[in-house]
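A.B. asks: Just passing along the structure, written as structure tokens.
The values are calculated or read from the model by the stated rules, or taken from the named source; none is laboratory data. These numbers come from a predicted model, not from an experiment. Cβ placement follows ideal geometry from the backbone for every residue including glycine, while neighbour counts extend to all protein chains displayed.
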Amino acid sequence: MTDLDIAEVAHRAGVPASTLRFYEEKGLIAPTGRRGLRRQYDPGVLERLALIALGRTAGFSLDEIARMFAPDGQPRIDRRMLSARAEELDRTIRELGVLRDSLRHAAACPAPSHLECDTFRRLLDAAASGGVTAPGRRPPERR
């Protein structure tokens, strides 16, 4: 199969060409050469870009993703790291479930004021202690 132009790779992968150049700077992908001024890539780069996208969606940093590839470019994914991330996602899902349920309760609570609602007060206390965080955020570390 023939090499793909950077514009074609960007189009097929659904990322801007600037992302491809950035990934190249980070060592995540490499062009096979140039045709004129335009980078050319092996078609296999599309699978690699899909793996990078999956890693980003799972919350891995680009440095972590880079370590998931062997020097020859083949995937070398640490299963323990995947398990640890899955456990982290399970914790986040549980925390978000509690937050969702608390917000639903607060929205339907018959108390005259949210500050008079025991459930809402517990949610406030959890937020004040760092136990409630926005999705993707970690509570501050305690010392």
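A.B. asks: Looking at this structure, is A111 out of contact with any His (no Cβ under 9 Å at 6 or more places or on another chain), under 30 Å from A127 (Cα atoms), assigned to a loop (DSSP other than H, G, I, E, B) and not hydroxyl-bearing (S, T, Y)?
C.D. replies: Numbers: out of contact with any His (no Cβ under 9 Å at 6 or more places or on another chain): yes; under 30 Å from A127 (Cα atoms): yes; assigned to a loop (DSSP other than H, G, I, E, B): yes; not hydroxyl-bearing (S, T, Y): yes.
Yes.
A.B. asks: With the requirement that a residue be touching a residue at least 40 places away in the same chain (Cβ under 8 Å) and part of a helix (DSSP H, G or I), what does the range 63-102 give you?
C.D. replies: A66, T92
A.B. asks: Would you mention how many residues in the range 92-132 are farther than 26 Å from G59 by Cβ, acidic (D, E) and surrounded by 12 or more Cβ atoms within 10 Å (Cβ to Cβ)?
C.D. replies: Within the range 92-132, residues that are farther than 26 Å from G59 by Cβ, acidic (D, E) and surrounded by 12 or more Cβ atoms within 10 Å (Cβ to Cβ) number 0.
A.B. asks: Let me ask something additional. If you scan the range 58-76, which residues turn out to be loosely packed, with under 14 Cβ neighbours inside 10 Å, touching a helix residue (DSSP H, G or I) at 6+ places or on another chain (Cβ under 9 Å) and either at pLDDT below 90 or among the acidic types (D, E) (or both)?
C.D. replies: Listed by number, the list holds a single entry, P75.
A.B. asks: Filter the range 16-38 down to the residues that are among the β-branched types (V, I, T) and more than 19 Å from D63 (Cα to Cα) and list them by number.
C.D. replies: Answer for the range 16-38, where residues must be among the β-branched types (V, I, T) and more than 19 Å from D63 (Cα to Cα): just T32.
A.B. asks: So which residues in the range 1-33 are charged (D, E, K, R) and in contact with a strand residue (DSSP E or B) (Cβ under 7 Å, 6 or more places away or on another chain)?
C.D. replies: Result: D3, D5.
A.B. asks: Kindly check whether there is at least one residue in the range 44-62 that is among the charged types (D, E, K, R), part of a loop (DSSP other than H, G, I, E, B) and at negative phi.
C.D. replies: no
A.B. asks: Tell me, yes or no, whether the range 43-57 has at least one residue that is surrounded by 13 or more Cβ atoms within 10 Å (Cβ to Cβ), modelled with pLDDT under 90 and closer than 30 Å to T19 by Cα.
C.D. replies: no
A.B. asks: Could you grab me the full set of residues in the range 1-34 that are part of a helix (DSSP H, G or I), among the charged types (D, E, K, R) and farther than 14 Å from G73 by Cβ?
C.D. replies: The answer is E8, R12, R21, E25.
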